[in-house]
Amino acid sequence: MSKIESLSTEKRDAFIRLIAKHTGLEIRERDQIALSEKILSRIHTLRLNSPTVYFQLLESTTTESHEEWLELIVELTNIESYFFRDREQFSLLQNHIFPELLERKQNSRTIRICSAGCSSGEEPYSIAILLRKLIPNLEKWNLMILGVDINQAALKKAKTGIYSPWSFRSIDPETKQQYFQMVNNQYHIDQRIKNMVEFKTLNLIKDEFPRQNCEFRDVDLILCRNVFIYFETSAIAKVLNKFYQALQPLGYLLTGHAELSNQNLSQFQTKMFSESFIYQCPVCHPTDTPLKSPAYKSSTSSLEGLNNNLYLDENAFENEFEKSNIKMQQIAVNLLRQLPPDTRIQKLGNQTAAELILQIESELKATEQ
Ligand SMILES: C[S@@+](CC[C@H](N)C(=O)[O-])C[C@H]1O[C@@H](n2cnc3c(N)ncnc32)[C@H](O)[C@@H]1O
């Protein structure tokens with residue numbers, strides 16, 4: 001086979017823009033050499049003779065193009081996941097969000113949940129396990145737990161429900177024993193849990209949702225965690241807009257900590273719990289009006305947009321107030337840790353999150369002495 005020409009900086013940049021447009025993924029500077037290697041490897045596998053031909057293939061709207069994107073995406077995405085990832089957020093779901101939803105949905109007994117960017121399934125299956133524990137008369141409820149992802153290889157694994165010990169870094173031994181069966185050093189998920197979750201291929205950027213014949217609509221809770229960290233800011237805004245349309249009034253959106261720090265969240269109510277932020281659609285939900293100017297353009301104070309719309313969960317917070325000042329300070333530290341360390345908070349003397357953490361921690365130390 002003839003030697004493939006190497007990838008010039010201009011061509012590499014063109015690929016980077018095309019990938020961002022198609023998937024939302026931001027290829028950071030440190031990953032650009034690896035990207036060139038992946039592209040050259042795909043060109044080699046397809047026996048094409050130049051990066052230009054490969055670029056044209058990706059850019060076209062043919063079936064071949066669609067199939068090639070599926071292959072390339074497997075190379076580009078990070079599919080790291082594990083059961084009950086971020087135990088604090090699972091406590092928030094268990095202690096606040098699901099009890100509220102179960103109470104509110106008592107009449108219809110229907111709850112729709114979507115794990116967007118579900119990877120190999122650990123996240124939606126963790127939700128299924130949690131709901132199985134929380135709802136005694138589960139058979140009387142109509143639950144939809146949908147896992148969607150752009151990576152076909154990850155979804156294939158999700159559908160098998162078979163996991164290596166690495167997926168169990170954050171699960172308690174009882175849950176593991178109760179819902180998994182070990183066969184040849186691999187863990188097979190309980191069939192009852194497997195039956196509760198459905199998986200679909202979906203590109204959050206390119207695919208249209210919500211729409212009538214797509215299950216990603218009228219959702220009560222969207223989990224989209226550790227997905228936006230890989231996205232360009234404008235792509236996050238685009239997906240947030242779709243999430244907003246796909247959520248029911250009072251529906252929730254849970255992302256990874258600080259993943260929305262540069263976004264305009266004015267359409268959502270930001271609810272603050274000691275475990276995590278969560279975003280909620282308002283009661284009055286204009287489903288046919290798209291969000292206006294979604295990207296929040298500020299590089300200094302990412303809390304500005306948030307402050308305007310901050311909703312403190314009264315029960316959670318008042319109780320914490322009653323407990324003690326110390327507890328409040330610990331909560332503040334936890335919340336500050338969810339922001340990028342260099343985030344400046346104007347209302348607190350324009351100090352950075354890192355500076356405030358140091359200050360509160362030294363006050364806490366002084367109280368201990
Ligand atoms: C690091 S995993 C996160 C898995 C899980 N949510 C968690 O927190 O453990 C990120 C997932 O996002 C998916 N993803 C990336 N871009 C996507 C897109 N445009 N549409 C749908 N899924 C995407 C990747 O394929 C990958 O499986």
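The values are calculated or read from the model by the stated rules, or taken from the named source; none is laboratory data. Quantities reported herein were computed from a predicted structural model and do not represent experimental measurements. When we count neighbours, we look across all protein chains shown, and the Cβ atoms used for this are built from the backbone with ideal geometry, even at glycine.
So is residue 21 surrounded by fewer than 17 Cβ atoms within 10 Å (Cβ to Cβ), at negative phi and basic (Lys, Arg) or not?
yes
Starting from region 202-225, keep only residues that are assigned by TED's automatic domain parsing to the domain that holds residue 253, then list their pairs with residues that are more than 8 Å from the ligand (Cβ to nearest atom) and among the acidic types (Asp, Glu) whose Cβ atoms are within a distance under 7 Å, requiring at least 6 positions of separation or different chains.
Hits for this filter: zero, empty list.
Specify the residue that is nearest to the ligand (Cβ to nearest atom); the eligible residues are those in region 42-85 that are free of Cβ contacts under 8 Å to residues at least 24 places away in the same chain and small (Gly, Ala, Ser).
65
Restricting attention to region 217-237, and to residues there that are in a strand (DSSP E or B) and under 21 Å from residue 126 (Cβ atoms), which single residue is nearest to the chain's Cα centre (by Cα)?
Looking at the filtered set, the residue picked out is 224.
Conditions: (1) part of a loop (DSSP other than H, G, I, E, B); (2) away from the ligand (no atom under 11 Å from the Cβ). Residue 240 meets all but one. Number of the miss?
Unmet condition: (1).
Going by the conditions given, is residue 88 part of a helix (DSSP H, G or I), within 16 Å of the ligand (Cβ to nearest atom) and either in contact (Cβ under 8 Å) with a residue 40 or more places away in the chain or surrounded by fewer than 18 Cβ atoms within 10 Å (Cβ to Cβ) (or both)?
In short, yes.
Conditions first: (1) farther than 18 Å from residue 113 by Cβ; (2) more than 14 Å from the chain's Cα centre (by Cα); (3) within 16 Å of the ligand (Cβ to nearest atom). Residue 273 passes all but one, so which condition is the exception?
Just one mismatch for residue 273, condition (3).
Hey, which of the helices (runs of 4 or more DSSP H) in region 106-179, taking only ones fully inside, have at least 3 residues that are in contact (Cβ under 8 Å) with a residue 24 or more places away in the chain, within 16 Å of the ligand (Cβ to nearest atom) and surrounded by 13 or more Cβ atoms within 10 Å (Cβ to Cβ)?
Here the list reads 122-134, 152-160.
Can you confirm whether residue 48 is modelled with pLDDT of 95 or more and outside any loop (DSSP other than H, G, I, E, B)?
Judged against the criteria, residue 48 is not a match.
Where residues in region 1-14 are hydrophobic (A, V, I, L, M, F, W, C) and touching a helix residue (DSSP H, G or I) at 6+ places or on another chain (Cβ under 6 Å), which of them is modelled with the highest pLDDT?
Per the criteria, the residue is 7.
Going by what's in this entry, would residue 42 be described as in a helix (DSSP H, G or I) and either among the basic types (Lys, Arg) or over 30 Å from residue 130 (Cα atoms) (or both)?
yes
Considering every residue within region 190-198, establish whether at least one is surrounded by fewer than 17 Cβ atoms within 10 Å (Cβ to Cβ), away from the ligand (no atom under 16 Å from the Cβ) and over 23 Å from the mean Cα position of the chain (by Cα).
For region 190-198, residues surrounded by fewer than 17 Cβ atoms within 10 Å (Cβ to Cβ), away from the ligand (no atom under 16 Å from the Cβ) and over 23 Å from the mean Cα position of the chain (by Cα): present.
Within the group 123, 100, 139, 67, which residue is under 30 Å from residue 16 (Cβ atoms) and either assigned by TED's automatic domain parsing to the domain that holds residue 167 or within 15 Å of the chain's Cα centre (by Cα) (or both)?
None of the others qualify; the one that does is 123.
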